[in-house]
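One structure below.
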Amino acid sequence: MTLLNTSDKLTKYQKELNGKLSGNIKTEILVSMGTCGIAAGTTPVLEELKKEVVEQNMQDSVRIVQVGCMGLCHSEPTIEVIDRESGHCVVFGNVAADKAKAIVAKTIRAAGVDPVAKTWYYPEEGQNTGSALQARIVLRNCGRINPESIDEYISRSGYQAAAKALTSMKSAEVISTILDSGLRGRGGGGFPTGKKWQFAAAQKADAKYVICNADEGDPGAFMDRAVLEGDPHSVLEAMIIAGYAVGSHDGVIYIRAEYPLAVKRLHHAIGQAKEMGLLGKNIFGSGFDFDIELKYGAGAFVCGEETALIHSVEGKRGEPGFKPPFPAISGLWKKPTVVNNVETYANVCAIIRNGAAWFKKIGTENSPGTKVFSLTGKINKVGLIEVPMGTTLRDIIFSLGEGIKDNKKFKAVQTGGPSGGCITEANLDSPIDYNSLIALGSMMGSGGMIVLDEDDCMVNIAKFFLEFTLDESCGRCTPCRIGNKRLHEMLNEITIGNGTHEILGKLRKLSETIKDTALCGLGQTSPNPVLSTIKNFESEYLAHIDHKKCPAKVCVKLLSYKINDNCVGCTLCARNCPVTCISGERKQKHLIDQAKCIKCGVCYEACKFHAIDKN
Amino acid sequence: MTDQCTKCCDNVSILNMYPDKKKELEKYIDSLPLGSDSDRNRGFLIQSLHKAQGIFGYLPEEIQLFVAQKLKLHLSEVFGVISFYSYFTTVPVGKFKINVCTGTACFVKGADSIVGEFRRFLNIEMGETTKDMKFSLGGLRCVGACSLAPVVMVNDKVYGNVTPKKVPEILEECK
C-alpha cells in the first residue's frame, strides 16, 4: 500500500486513482448495501449482478460498486446505473435479483422496474440548477462510493482537507474557519462547534482528547448510522482536523453496539488510514501525530449525553456528571476534551475545503448549512433526507415525503425524539432551524422526524416517550427517577379512563418541576412530549378525561366493539373470538357480551361485512 | 452435562468446564495494554465484558470475578457496570435472541402486536427464554432501520416490515 506522507503524494495519488478508476469502464452499477438495504435484500441482487457480468464477459467495461445508503429507503433494494460516456445516471428501486440480467444489459426499464427520482444536488459540485429540495454536504459520499475502499474516498478529494489544514493552516486558523462558518452541533444542542474547539485549544494540558459521539440513541434517527456505514473516512478525517486544531493526539469514537455493520466499516477504515500513514505519527510530514480508537457502548441511551459518554469510555456506569466544568475544560481522564457527533464531523472537511463563506451561503443566518433528517412514520416516502436549514416542514413532508400513507389526515410531526415535541398543521410553513423549532415547543434533536396521522393517539404517544425515558433514566437524580415515573402513572390513568382535571393540572405542574430540577439533558427535556401534546392537543386529553373516549381509537380500555345491522350471521367473528363472548344463531345478527369482551379487536379485523363498529 | 443447565449446576465452574473459552478470554485481556493505574485499566472493562459475553453467551458471577481480578478491579464495580448496561446479561439466553424494536417508528407502526404474537407463539414474556433454551424474547431501542418498521432482529439478522402473520415464518427460519 502507498504511504501518503506528504500532501503532494496525496494529490498525485488522487490523480492516478482518477485515471485508474475510470479506465475502460463504460458502466458503473452502484448497489446500496447499508443495514436497511441488506435487510431489504440487496445481497442476492449483488451476487446475481456479479455472476451476470462474468457470464457476459463484461468485467472490463462494467464495474459493480457496493455503496452505503442513498437515503431512498422507501424503494430498497435500490441500484444506480451510471453511463460513463454520457454521464447519465438513473436510480432504480425495488429491484429483485431476477432483474440482474436486465441491469447489466442496461435494458432495465424494459424489464419493468421504475426509476426513482433524485431530489438532491451537491453544493460542493455546483449550484442547484433544477428545483432540488435537498442539498447534500454531509451525505456527499453516501451511496456514491464504496465505504470499504479508501481509494474511492481519496479519489473524491478525500483527506485533502486534512492535508490543507495540517500543512498550510495554523491551528488557530482552522478554529476561526469553523467559528466563522457558524457550524452548530448537530447532535441536538446546537452549540457552536468552533467555540467548543476554541475552549479546548485554550487549555494547557499534557494530554487532550477528541471524541466522536456515535451513540445515536434517539429512536427514529439513523443519519449517523448512514454516514458511518456509507462514508466512514469523512469522520476520521474531520477528527484529525479537530485534533490538530485543539492540540490533541488521541481520538476516540464511541459507538453503540446495536450498529454491527458501522462498527465493522469503521474498524476497517481506521486500519486502512493507518496503513497509508494518514493516522499515526507525523501525518503529511507536518510533525503532527494522531490516532483513533473505537470504544463500544452497551445499550444505554443516556450515554449520548457527553458527560455520561465520557464516564462510559472510562469504563464506569454511564451516569451523567455535573456541568461545569464542561468537557472542553475537564473531560476524559480529567483532560480537556472535545465531543462532537458524527454529523457535525461530517460537515468539517467540506468547510475546510471550500471555506466558511461558502458554507454560510447555505441555510439560515443563525443556523448555516444543512440538516439530515430521517423521515419515518406514516409517510409515503420514508427515507433519509438532507435539506438546507430553513426548509419548511410542508416541503419535507408533502414534497419529499409525498404525503401521508393511505390518504389519511396529517396530525403532527414529532421531532427531537424523547426530548422533543410535536408540531401541528398550523406550523407546517415555518422554516425550520435550531431557533424556530425551540420556539415551536420542540427541538432539533438529532434529526428524527416521525410523522403521525389521524390514527395516532397523542396521549398514548406521550405515554410511549415517558416509558422510554423511564427505561433509560440512569436513576442518579430524583426528579428524573421518580418524577418521570409519576408522570407515566398519571398518563396511564388517563388512557384507561380514570383521568380527572386534577390529574391534568398535576401533570403540567410536575412537568415544569422536572424541567427545572433534573441533572442532565435527558431529565430536563423528558417532560417535553407531555407538555407539547397538552399544548397542541388539549382537546384529545379532555376527550379521554371528560367523555372517556379515545378519538383516535387507540386506547384499548376506552374502546367498545358493537355489531351493527350489516351483520349477516356468518359466525366468523364468534369463531375467532378468543374469549367466546360473541353469541348468535347462524344467519342472525350476533351480539357481543360487553362484560366479557377483552377488546382485542380480532372480530373487527375478521369481519368481511363492516358489521362491527369500533368506538 | 450441557452448558444449558442452569438449575442444578450452580456449583460447577463454567471456566473449568470450558478451558478453551477461558483461554480465549484470558488471551484477549492479556493482550490489552494494561498498566498499574487502575483508573486507566477500568477503561478496558466494557470491551472485556463484550468479549466475555461474546465467548460465554452471558456473564455469571464467576466470569465477573475473573474479569475483575484480571483488570485489578473490585467485583462490585464490575457488577455495577453490568447491571447498568442493558446489553449485558447475567443469565443464559437462548440460541436465537429475538429482539423486537420498540423505537418510535416501530411503535406507531404496530410493534406491540408483533410482541404479542411472539409471546403467544413462544409462551414466554419479554425478557424470558424458552425452556429448551432455543429462543429469548426481548425489546431493543431502534436499530436505525426505521424505514422498514416494524423491525425484528434475530441475533444479527434484521427482518423488516414484519406483520403478525410473518411471526411464525420468522420462527420457522430459526433452525
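Quick rundown of the values:
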item	result
Residues that are within 14 Å of another protein chain (Cβ to nearest Cβ) and either more than 13 Å from A:Phe373 (Cα to Cα) or surrounded by fewer than 24 Cβ atoms within 10 Å (Cβ to Cβ) (or both), drawn from the stretch A:217-237	A:Gly217, A:Leu228, A:Glu229, A:Gly230
Hits in the stretch A:210-226 (condition: out of contact with any Gly (no Cβ under 7 Å at 6 or more places or on another chain) and among the β-branched types (Val, Ile, Thr))	A:Ile211
Which listed residue is buried (at least 20 other Cβ atoms within 10 Å of the Cβ), free of Cβ contacts under 8 Å to residues at least 24 places away in the same chain and under 30 Å from A:Asp224 (Cα atoms), from B:Gly144, B:Gly127, B:Gly80, B:Gly103	B:Gly144
Failed item, numbered, when B:Ile63 is tested on (1) part of a helix (DSSP H, G or I); (2) within 14 Å of another protein chain (Cβ to nearest Cβ); (3) within 18 Å of the chain's Cα centre (by Cα)	(2)
Qualifying positions in the stretch A:431-442 - part of a loop (DSSP other than H, G, I, E, B) and modelled with pLDDT of 90 or more	A:Ile432, A:Asp433
Complete set of residues in the stretch A:530-564 that are hydroxyl-bearing (Ser, Thr, Tyr), farther than 13 Å from A:Met458 by Cβ and surrounded by 16 or more Cβ atoms within 10 Å (Cβ to Cβ)	A:Tyr561
Selection from the stretch A:273-309 of residues that are touching a Phe, Trp or Tyr at 6+ places or on another chain (Cβ under 9 Å), among the aliphatic types (A, V, I, L, M) and within 14 Å of chain B (Cβ to nearest Cβ)	A:Leu294, A:Ala298, A:Ala300, A:Leu309
Subset of the stretch B:148-164 [free of Cβ contacts under 8 Å to residues at least 12 places away in the same chain and either facing chain A (nearest Cβ under 7 Å) or in contact with a helix residue (DSSP H, G or I) (Cβ under 7 Å, 6 or more places away or on another chain) (or both)]	B:Asp156, B:Tyr159
Condition broken by A:Glu493, with the remaining ones in (1) touching a residue at least 12 places away in the same chain (Cβ under 8 Å); (2) within 29 Å of A:His547 (Cβ to Cβ); (3) in a helix (DSSP H, G or I) satisfied	(1)
Subset of the stretch A:285-298 [in a loop (DSSP other than H, G, I, E, B) and either within 16 Å of A:Asn213 (Cα to Cα) or touching a Lys or Arg at 6+ places or on another chain (Cβ under 8 Å) (or both)]	A:Gly297, A:Ala298
Residue within the stretch A:24-38 that is at pLDDT 90 or above and not in a strand (DSSP E or B) present	yes
Test: residue in the stretch A:381-400 that is within 14 Å of chain B (Cβ to nearest Cβ), in a strand (DSSP E or B) and over 30 Å from A:Leu470 (Cβ atoms)	yes
Complete set of residues in the stretch A:443-458 that are more than 14 Å from every other protein chain (Cβ to nearest Cβ) and crowded, with 24+ Cβ neighbours inside 10 Å	A:Met444
Residue ID - surrounded by the fewest Cβ atoms within 10 Å (Cβ to Cβ), chosen from residues in the stretch A:310-347 that are hydroxyl-bearing (Ser, Thr, Tyr) and more than 9 Å from every other protein chain (Cβ to nearest Cβ)	A:Ser330
Wholly within the stretch A:148-213, helices (runs of 4 or more DSSP H) carrying at least 3 residues that are surrounded by fewer than 20 Cβ atoms within 10 Å (Cβ to Cβ) and polar (S, T, N, Q)	A:160-168
Members of the stretch A:208-223 that are acidic (Asp, Glu) and more than 12 Å from A:Glu258 (Cβ to Cβ)	A:Asp218
Selected residue (only one of B:Val91, B:Val115 is away from chain A (no Cβ under 12 Å), of a type outside the set (D, E, K, R), out of contact with any helix residue (DSSP H, G or I) (no Cβ under 9 Å at 6 or more places or on another chain) and under 27 Å from A:Lys463 (Cβ atoms))	B:Val115
Conditions (1) within 13 Å of another protein chain (Cβ to nearest Cβ); (2) over 25 Å from B:Phe88 (Cβ atoms); (3) not in a helix (DSSP H, G or I): number failed by A:Tyr254	(2)
Residues that are out of contact with any helix residue (DSSP H, G or I) (no Cβ under 7 Å at 6 or more places or on another chain) and outside any loop (DSSP other than H, G, I, E, B), drawn from the stretch A:299-329	A:Gly304, A:Glu306, A:Thr307, A:His311
Hey, A:Ala262 within 13 Å of chain B (Cβ to nearest Cβ), part of a helix (DSSP H, G or I) and in contact with a helix residue (DSSP H, G or I) (Cβ under 6 Å, 6 or more places away or on another chain) or not	yes
Answer from B:Lys72, B:Lys97 - the residue that is without any contact (Cβ under 8 Å) to a residue 60 or more places away in the chain and within 26 Å of B:Cys174 (Cβ to Cβ)	B:Lys97
The stretch A:241-251, residues that are farther than 28 Å from B:Ser48 by Cβ and either assigned to a helix (DSSP H, G or I) or within 14 Å of another protein chain (Cβ to nearest Cβ) (or both)	A:Ile241, A:Ala242, A:Tyr244, A:Ala245, A:Val246
Within the stretch A:459-483, considering residues that are more than 10 Å from every other protein chain (Cβ to nearest Cβ) and more than 19 Å from A:Glu493 (Cβ to Cβ), the one surrounded by the fewest Cβ atoms within 10 Å (Cβ to Cβ)	A:Thr478
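Quick grid of which residues meet (1) without any contact (Cβ under 8 Å) to a residue 40 or more places away in the chain; (2) surrounded by 17 or more Cβ atoms within 10 Å (Cβ to Cβ):
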{"position": "A:Gln56", "(1), (2)": "no, no"}
{"position": "A:Ile64", "(1), (2)": "yes, yes"}
{"position": "A:Cys73", "(1), (2)": "no, yes"}
{"position": "A:Glu80", "(1), (2)": "no, yes"}
{"position": "A:Ser86", "(1), (2)": "yes, no"}
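Residues are listed down the side, and each one gets a yes or a no for (1) within 12 Å of another protein chain (Cβ to nearest Cβ); (2) at pLDDT 95 or above; (3) over 30 Å from B:Cys146 (Cα atoms):
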site	(1), (2), (3)
B:Met17	no, no, yes
B:Glu26	no, yes, yes
B:Asp39	yes, no, yes
B:Gly54	yes, no, no
B:Val78	yes, yes, yes
B:Ser86	yes, no, no
B:Asn99	yes, no, no
B:Val108	yes, no, no
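Let's see how each residue does on (1) in contact with a strand residue (DSSP E or B) (Cβ under 9 Å, 6 or more places away or on another chain); (2) farther than 28 Å from A:Gly299 by Cβ:
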residue: A:Ser436; (1), (2): no, yes
residue: A:Asp455; (1), (2): yes, yes
residue: A:Asn460; (1), (2): no, no
residue: A:Cys477; (1), (2): no, no
residue: A:Ile482; (1), (2): no, no
residue: A:Lys485; (1), (2): no, no
residue: A:Leu510; (1), (2): no, yes
residue: A:Leu542; (1), (2): no, yes
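The values are calculated or read from the model by the stated rules, or taken from the named source; none is laboratory data. Everything numeric here is computed off the predicted structure, so don't read it as measured data. Every residue, glycine among them, receives a Cβ derived from its backbone with ideal geometry; neighbour counts consider all protein chains shown.
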